[in-house]
Amino acid sequence: MPTDLGNKYSSVYTQLYTAHQTADDAQLAHGRWWFNDIDRTLTQNGISVALTRTECSLLSLLAFSSERVVSKEALIAGLGKNPSQYNGLEMSLSRLQSKFGQCSGGERLIRSVRNRGYCLAQVVRSAYCPSWKSPGGQAAEPPCSS
């Protein structure tokens with residue numbers, strides 16, 4: 001499933017997930033993962049995946065990208081690393097995938113797209129308005145990097 005954040009972010013300034021959902025809202029929320037970059041978690045129906053700082057940054061880059069597929073070079077640059085010298089991307093993605101699979105019954109979070117990069121395989125929404133994107137979509141420093 002594609003992420004629905006990237007292209008819609010500029011029109012949706014805040015996505016709040018609260019305990020005051022209606023029955024319809026709760027039904028729509030089923031199958032969605034809620035990403036919180038402050039406490040570095042990915043949550044769905046009581047299942048919570050704890051993320052490292054690097055995993056949080058990678059998920060932010062994938063979920064909030066204006067493109068569905070994010071290139072390997074863009075992900076590495078988004079981590080503040082030199083794409084020609086950094087070899088840890090696949091390891092970080094593999095660990096995130098493994099951690100997600102253990103918590104979700106074997107589902108995949110990230111999918112590789114041959115010769116293009118990576119994309120999310122799950123619907124991921126922000127639990128609130130992320131601080132590192134303006135409503136106009138201009139990127140700033142990801143909050144997970146500090």
Cβ-Cβ cut-off under 13 Å around V69, Lys and Arg +1, Asp and Glu -1: the net charge is +3
Estimated FRET transfer efficiency when R0 is 22 angstrom, pair S94-E67 (beta carbons, to 0.05)
0.50
I want to check the label-to-label distance for T41 and V113. Put each point 7 Å from Cα in the C-beta direction and report it in nm to one decimal.
3.1
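Values in this text are rule-based calculations from the coordinates and carry no lab data. All of these numbers come straight from a predicted model, not from anything done at the bench. All Cβ positions, even for glycine, are placed from backbone atoms using ideal geometry, and neighbour counts span all protein chains on display.
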